[in-house]
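Report on one structure; see the data block that follows.
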Ligand SMILES: [Zn+2]
């Protein structure tokens, strides 16, 4: 195991918590004293920095939402003097105003250190050639990975996105060993390479991929690893947190969140109460050392779960599972939180049905009733009714095991369910109609 | 082989229980000039299976698949029944004696004969027992 900073990365958890508390205390005092926004927020919320006497007092602090960043566009939340700032990144708002993130030199440095630890934990080091195929520019992916890769002494090929054939040529000519890109772009590279008569597995030195910035699944990882012959590591971060910050280590068992940079809460989106390790909830983050744009209890809207126990790599920092959806998509069925992504994930493992599905929720005799409609594939079609009922029962059982709530399944004809371009609207909730 | 000549290709299709699915199928057969010789619908809650014997099996299958139906060929056999009380009993008893399970069946009774269509678990044994018991089986080409 190679650590970038063994002292921090393997620091006992109590020590990490002490460090987090000190950083938090310092942060709230600073913000209360010098940030009109935070002072007002804390006053409205009836909390004073003196009330923060332990890490668990974190829950006394008010939440922050994406809307706060939009409302304060462009620079209402920027904390440091103009002269201290060295960079802006801007995320394009798909809805509403964009959000601006400002960085001090120390912010850039911490961001880079975070990625240096992450990249090292995937086994990359000096001598590796890393192709950065995330976009360079206002988006944080390209520049973030670029700095992180340089910091560990790797050679960077800053290809950014596009011109895939050229990317593949460079990958061969410059003996690229790792790539950072979205999972779908990685599969696209594989397909284009095949059309060019090049096998990524046999004709290149590519062995690792750092993938993220869009949802992906374990199934996709298996496909990438078996087809392209490379190990794929999940990476997480959004521009509000600086950019991509954390990745899985070689154990591929959730991404390590560096406790000295970020305090992690996983909350039930409904009750705002913390959930146990292994249980899914909303990721709420506090950036303990960020300067340009401080972030306290920021509701990311991302759904994940904390992995229990210490990682086999020896790093003591907590690990989070690959994101499994957005809070906006969450459904509450008989009091239980259900995510369409869980249903999607379950269906992917059932060969008798296709990937398309629809969810209909209604209230029957004052009880929530969830119906999942799936398409039966031609290969699975039997003209014997008991076989079909058996298939349906099996899907119902698997969904129940996964969701902890019983579900009715309806078999639909292939091609009969709606197809979506872009964001899918798979849920029809009749309870509110 | 002799027994295989008695296997009849039935076209089966999966259908949701919603208005118009049968009409869609029937219209497709009309357009293609396909004649239905025997037909049944089996229904469960939420979905059904339509089974047909037609004169132009291949055309029927291709047309339905093209329309997006979930469609399959299934081997069935067709036994000529005595068109009088006890006709069904004789055949059912013959198969029961041989411990052959009928997965489903349907029948039609025309001017000249009554025919029982059977889907069984051990089709070759079933053919053997039915022939040995003196019944006649209809071949696919006789449906043309
Ligand atoms: Zn680890």
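No lab work stands behind these numbers, since they all come straight from the coordinates. Worth saying up front: this structure is predicted, and the values here are computed from it rather than measured. With ideal geometry, Cβ positions are generated from the backbone for all residues, glycine too; neighbour counts draw on all protein chains shown.
Listing for the model above:
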item	result
Residues residue A:125 and residue B:142, FRET efficiency given R0 of 60 Å [Cβ-Cβ distance, rounded to 0.05]	0.20
Kirkwood Rh, angstrom, chain A [1 / mean 1/r, Cα pairs]	23.5
Fewest-first ranking of A:353, A:275, A:157, using other Cβ atoms within 10 Å as the exposure measure	A:275, A:157, A:353
Listed residues A:243, A:141, A:354, most fluctuating in chain A (Gaussian network, C-alpha, under 10 Å)	A:354
Cα-based Rg of segment A:103-259 normalised by 2.2 N^0.38 Å, two decimals	0.96
Two-site FRET efficiency, residue A:73 against residue A:218, from Cβ-Cβ distance with R₀ of 22 Å, rounded to 0.05	0.05
Most mobile of B:45, B:75, B:83 in a GNM of chain B (Cα contacts under 10 Å)	B:45
Inter-label distance, nm, simple model (7 Å from Cα along the C-beta direction), residue A:192/residue B:73	4.4
Average projection area in nm² (convex hull over Cα atoms of segment A:172-305, one quarter of hull surface)	9.6
Proxy reagent accessibility, fewest Cβ within 10 Å first, across A:256, A:345	A:345, A:256
Backbone N within segment B:106-144 under 18 Å of label point (7 Å from residue B:84 Cα along the Cβ vector)	B:109-116, B:134-136
Segment A:111-180 pair-distance distribution - Cα-Cα, 10 Å bins, rounded %	23, 55, 22, 0
Shape of segment A:1-131, Cα gyration tensor, a/c cut at 1.5	oblate
Normalised per residue, the volume of the convex hull around the Cα set of chain B (Å³)	125
Structure-based [θ]222 nm, chain A - -39500 (n - 2.57) summed over DSSP H runs of at least 4, per residue, nearest 500	-9500 deg cm²/dmol
Value of D in µm² per second that Stokes-Einstein yields for segment A:231-366, Kirkwood Rh from Cα pairs, at 20 °C (1.002 mPa s)	130
Cα convex hull of segment B:6-75 - mean projected area over all directions, nm²	4.4
Segment A:331-432: radius of gyration over Cα atoms, expressed as a fraction of 2.2 N^0.38 Å	1.05
Order of A:258, A:4, A:227, A:111 under a 10 Å beta carbon neighbour criterion, fewest first	A:227, A:4, A:258, A:111
Overall Cα dimensions of segment B:76-143, principal axis frame, Å, largest first	32, 28, 22
